[in-house]
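Chemist: Can you read through this structure? Questions will come right after.
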Amino acid sequence: MLNVILGLIGLSIIVVIHEFGHLLAARANGVEVEAFSVGWGPTLLSTKRGRTEWKLSAFPLGGYCKMKGEDAFKTALEQNLPTLPKEEGSFYSASPTRRIGILAAGPIMNFVFAIVLSTIVALVGTQVHTISNKIILASEYGGTIGGNTEQNVQNPADIAGLRTGDIITKIDDVEIKDYSDLQRMIAMNGGKTLHMTVLRDGTPVEITITPRLDKATGQGLIGIYGWVDPVVESVEKGSAASIAGLESGDAILEVDGKPVNHSIDLAKYLENQPERINLTIQRGTEKIEKTLVLTYKGSDPTTAESNLGIVFKTITKTTKASSLGEAVIMGASTTWETFVLSIKSIGLLFSGIDVFSAVSGPARITYMVGASASESFKQSGIAGILPIFSFLALISVSLGFMNLLPIPALDGGQIVLCLAELANREPLKVRTLYRYQSAGSIIVLALIIVATLSDVLFFVRR
């Protein structure tokens, strides 16, 4: 319930910001705003200032901006008029260029809001816990992309000739400093040929690789794990490691006599769910033996959680702007990158991905926003507001972009009508508008069905 409440608040803020953009542009272009509501449904509170009624409505599902003349299409159909009726101060009495400005103002406000949020995040600074850009081939531990178990199907990393222990330093002239950089470049380029510079035993090696597109998520995958040295950073109180006396700085050398080169070695060994393990530890200049008694939650060996209680050392990457100007540039850059990613995502819908897995509807987005907020506050308290800002910025850009698509019911679809009116140099016929809106209704209905089924499947799987 907390996730839902937080999600509704976050999503509503983004939608209200969008509608407020329409309000500002409407007023600037001489169009009357009859009502502006936060939420939908029955009115809880209202006040009228000037010609605008400001309302707080019962259902916290965004809001709306009602402009004068929005019922013109309905009136034209009822009275069988050839064109839309115009009255002073109405939306359709404004010129096509002014209407385009009003329609575009909503998405633009979403982009501005995203820049503001991203600027705040850049100014305060964020810390990301990641690992090095040294890799392990998943195939060496039975890992295949998409769960494919056929012997003749190779992961892209194996096809390209990558090896365990390789350090990926560059992809298409983009410097790779850690595993988060590597993940981002691979995920965003499914199906695209990439050129890697790899450091192998101290020698640079050039590699060409094509990440495989994951049909379920739309991300690129190559079949690797990140290399984490088995050096203890912290031990959870009351865990098996804590009871056995492991300490921060201990390096795990062996488990039951088998070498542990990295964290994957230990994780794979624990998939057999042994009840007792003997660890050989390097502590300072001496080697010591520790026996741990383990329990597990879950029957699936690949996902079962043990009471091991060890956190291995990671890399903490801090990103912070040195000035307000730099923060604004970083915020704008992040927003632009998200916008470009949104464009790529639309293209992926036509590349054979599973839309019911990759597409999120309102319910799923609300849950994700709420879950992100809840987890951030749980882990970091008030400092958890920054990850929430980042996530809301991403959703805001996505909402702005989606509204610019040329679908009749959206702002982009209405902009198309305005452009057609400019090209014809006369108002569009009501019959033309009716056909356009009818086609749009079918498209929107199809989108609603897909999004709803996607949300249902998401929650059922959970």
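The values are calculated or read from the model by the stated rules, or taken from the named source; none is laboratory data. Just so you know, these numbers come straight off a predicted model, no measurement behind them. Note: ideal-geometry Cβ built from the backbone for every residue, glycine included; neighbour counts use all protein chains shown.
Chemist: Within segment 67-107, track down each residue that is modelled with pLDDT under 85, of a type in the set (G, A, S) and part of a loop (DSSP other than H, G, I, E, B).
Modeler: If the condition is that a residue be modelled with pLDDT under 85, of a type in the set (G, A, S) and part of a loop (DSSP other than H, G, I, E, B), then G69 is the only one that fits.
Chemist: Say whether the condition of being assigned to a helix (DSSP H, G or I), β-branched (V, I, T) and over 22 Å from the mean Cα position of the chain (by Cα) is met by at least one residue in segment 392-403.
Modeler: No: zero hits.
Chemist: Answer yes if at least one residue in segment 435-454 is of a type in the set (S, T, N, Q), modelled with pLDDT under 75, assigned by TED's automatic domain parsing to the domain that holds G21 and crowded, with 19+ Cβ neighbours inside 10 Å, and no otherwise.
Modeler: The answer is yes, given that some residue of segment 435-454 is of a type in the set (S, T, N, Q), modelled with pLDDT under 75, assigned by TED's automatic domain parsing to the domain that holds G21 and crowded, with 19+ Cβ neighbours inside 10 Å.
Chemist: Follow-up question, since we're still on this one. Would you list the strands (runs of 3 or more DSSP E) that sit entirely within segment 251-352 and hold 1 or more residues that are under 30 Å from P107 (Cα atoms), of a type outside the set (G, A, S) and not assigned by TED's automatic domain parsing to the domain that holds M188?
Modeler: 315-319
Chemist: Specify the residue that is surrounded by the fewest Cβ atoms within 10 Å (Cβ to Cβ); the eligible residues are those in segment 172-188 that are of a type outside the set (A, V, I, L, M) and touching a helix residue (DSSP H, G or I) at 6+ places or on another chain (Cβ under 9 Å).
Modeler: Per the stated criteria, the residue is E175.
Chemist: Continuing with the same structure: Could you list all residues from segment 53-75 that are buried (at least 19 other Cβ atoms within 10 Å of the Cβ) and more than 33 Å from the chain's Cα centre (by Cα)?
Modeler: Matches in segment 53-75: K68, G69, A72.
Chemist: Now a separate question. Among the residues of segment 303-345, count how many are aromatic (F, W, Y) and either under 30 Å from Q273 (Cβ atoms) or in contact (Cβ under 8 Å) with a residue 60 or more places away in the chain (or both).
Modeler: 2
Chemist: Go through segment 182-218 and report how many residues are within 19 Å of L137 (Cβ to Cβ) and either part of a strand (DSSP E or B) or not small (G, A, S) (or both).
Modeler: 21
Chemist: If N110 satisfies all but one of (1) at pLDDT 90 or above; (2) part of a loop (DSSP other than H, G, I, E, B), what's the number of the condition it fails?
Modeler: (2)
Chemist: Right, another one. Criterion first (outside any loop (DSSP other than H, G, I, E, B), modelled with pLDDT under 95 and crowded, with 17+ Cβ neighbours inside 10 Å) does V128 satisfy it?
Modeler: Taking the combined requirement at face value, the residue does not satisfy it.
Chemist: Taking into account only those residues within segment 422-432 that are farther than 15 Å from A72 by Cα and touching a Ser or Thr at 6+ places or on another chain (Cβ under 9 Å), which is modelled with the highest pLDDT?
Modeler: By that ranking, first place goes to L422.
Chemist: I would also like to ask the following. So which residues in segment 57-88 are in contact with a Gly (Cβ under 6 Å, 6 or more places away or on another chain) and without any contact (Cβ under 8 Å) to a residue 40 or more places away in the chain?
Modeler: Within segment 57-88, S57, A58, F59, K68 qualify.
Chemist: Right, next: Which residue, of D158, D166, D181, D172, is modelled with pLDDT of 90 or more, among the charged types (D, E, K, R) and on the phi > 0 side of the Ramachandran plot?
Modeler: When all the criteria are applied, what remains is D172.
Chemist: Hey, among G202, G223, G190, which residue is at positive phi and touching a residue at least 24 places away in the same chain (Cβ under 8 Å)?
Modeler: On inspection, the qualifying residue turns out to be G223.
Chemist: Going by the conditions given, is L11 assigned to a helix (DSSP H, G or I), under 30 Å from L386 (Cβ atoms) and over 20 Å from the mean Cα position of the chain (by Cα)?
Modeler: Here the answer is no, as L11 does not meet what is asked.
Chemist: Okay, moving on. Select from segment 206-255 the residues that are surrounded by fewer than 16 Cβ atoms within 10 Å (Cβ to Cβ) and either touching a helix residue (DSSP H, G or I) at 6+ places or on another chain (Cβ under 6 Å) or of a type in the set (S, T, Y) (or both) and list them in ascending order.
Modeler: T208, A216, T217, S234, S248
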